[in-house]
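The values are calculated or read from the model by the stated rules, or taken from the named source; none is laboratory data. All of these numbers come straight from a predicted model, not from anything done at the bench. Note: ideal-geometry Cβ built from the backbone for every residue, glycine included; neighbour counts use all protein chains shown.
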């Protein structure tokens with residue numbers, strides 16, 4: 001089967017098209033014919049090997065063999081199931097999150113029956129399904145963790161990105177008053193997703209507006225708790241999407257000390273969030289935002305575009 005591998009950390013050019021053996025599902029696994037995946041900022045971070053925490057998992061000097069095929073969001077159809085699998089059947093359309101298994105950058109991948117995987121709603125194409133997975137489920141995870149309430153004021157930093165565009169929709173659906181932070185060229189998009197107003201970060205620092213918010217969700221980790229806390233209301237919560245061991249410690253400490261909270265976690269097991277996503281799609285409250293589409297063989301070009309930091313929503317990879 002065709003797959004995209006990387007054997008060293010570096011620029012997009014380290015991603016190469018190869019032929020590897022088609023995987024065989026174990027008794028508790030589902031073999032998925034991948035039809036669509038995505039190129040995300042998280043994928044690019046893994047490709048560059050920029051964080052020590054990431055390298056401790058992926059490989060200190062170079063990617064371990066089991067992680068050479070990246071790809072965390074997938075949509076496709078069930079090709080075969082292991083003998084003990086009961087939740088899925090051959091021919092079903094499915095989408096979900098590969099988590100630490102990775103493997104989405106290939107024509108086929110295997111996931112356990114218990115992985116973050118559900119059937120695709122009839123109204124979604126493979127490409128749109130792949131584009132919804134991580135952004136919406138991550139937003140749901142963090143807003144649940146922060147106990148977001150109706151009528152609370154929410155500031156979403158990076159509101160035009162993959163997680164940010166989803167977060168605007170989820171927060172608006174929950175009845176929050178949403179302010180998006182993005183460049184001026186993306187104002188119309190963010191407002192169309194449900195933002196009540198938009199701050200153009202190229203013209204104004206949100207901490208200098210004199211306004212405060214109950215929740216600040218930094219979907220691109222472009223600020224810090226120290227910088228953002230001046231714009232947090234009393235009892236406000238700051239949510240970053242990226243952090244290491246120190247973020248977990250700080251989050252635990254913050255629950256006990258101070259009136260403004262640092263809230264962090266890792267959204268890996270997405271079963272509950274995928275069910276909520278399914279409901280949002282049924283209600284018409286979540287729609288994918290797709291900037292560009294690339295075929296699998298042009299994945300390096302897709303990563304180069306992601307590296308520019310200018311993508312709007314998602315970059316989808318079609319696997320045909």
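Summary table
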item: Number of the exception - residue 56 against (1) exposed (fewer than 14 other Cβ atoms within 10 Å of the Cβ); (2) more than 29 Å from residue 80 (Cβ to Cβ); (3) touching a residue at least 40 places away in the same chain (Cβ under 8 Å); result: (3)
item: Candidates 178, 163, 168, filtered to the one that is in the same structural domain as residue 224 (by TED's automatic domain parsing), touching a helix residue (DSSP H, G or I) at 6+ places or on another chain (Cβ under 7 Å) and touching a residue at least 60 places away in the same chain (Cβ under 8 Å); result: 163
item: Candidates 212, 202, 223, 219, filtered to the one that is over 24 Å from the mean Cα position of the chain (by Cα) and closer than 23 Å to residue 306 by Cβ; result: 202
item: Of all residues making up region 122-139, the number that are in a loop (DSSP other than H, G, I, E, B), in contact with a helix residue (DSSP H, G or I) (Cβ under 9 Å, 6 or more places away or on another chain) and modelled with pLDDT under 95; result: 1
item: Residue 83 being within 23 Å of residue 304 (Cβ to Cβ), outside any helix (DSSP H, G or I) and out of contact with any strand residue (DSSP E or B) (no Cβ under 8 Å at 6 or more places or on another chain); result: no
item: Residue under evaluation residue 288, criteria (1) under 17 Å from residue 132 (Cα atoms); (2) in contact with a strand residue (DSSP E or B) (Cβ under 6 Å, 6 or more places away or on another chain), criterion not met; result: (2)
item: Residue match in region 64-71 (condition: in the same structural domain as residue 21 (by TED's automatic domain parsing), out of contact with any helix residue (DSSP H, G or I) (no Cβ under 8 Å at 6 or more places or on another chain), in a strand (DSSP E or B) and over 25 Å from residue 141 (Cβ atoms)); result: no
item: Which numbered condition residue 115 fails, given (1) within 13 Å of residue 72 (Cα to Cα); (2) touching a helix residue (DSSP H, G or I) at 6+ places or on another chain (Cβ under 8 Å); (3) crowded, with 24+ Cβ neighbours inside 10 Å; result: (3)
item: Criterion violated by residue 247 - all others in (1) farther than 28 Å from residue 288 by Cα; (2) modelled with pLDDT of 95 or more; (3) buried (at least 17 other Cβ atoms within 10 Å of the Cβ); (4) out of contact with any helix residue (DSSP H, G or I) (no Cβ under 9 Å at 6 or more places or on another chain) satisfied; result: (2)
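Listed here are the residues, each with its yes/no results for (1) more than 24 Å from residue 50 (Cβ to Cβ); (2) outside any helix (DSSP H, G or I); (3) at pLDDT below 95.
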residue	(1), (2), (3)
259	yes, yes, yes
265	no, yes, yes
274	yes, no, no
277	yes, no, no
297	yes, no, no
301	no, no, no
304	no, no, no
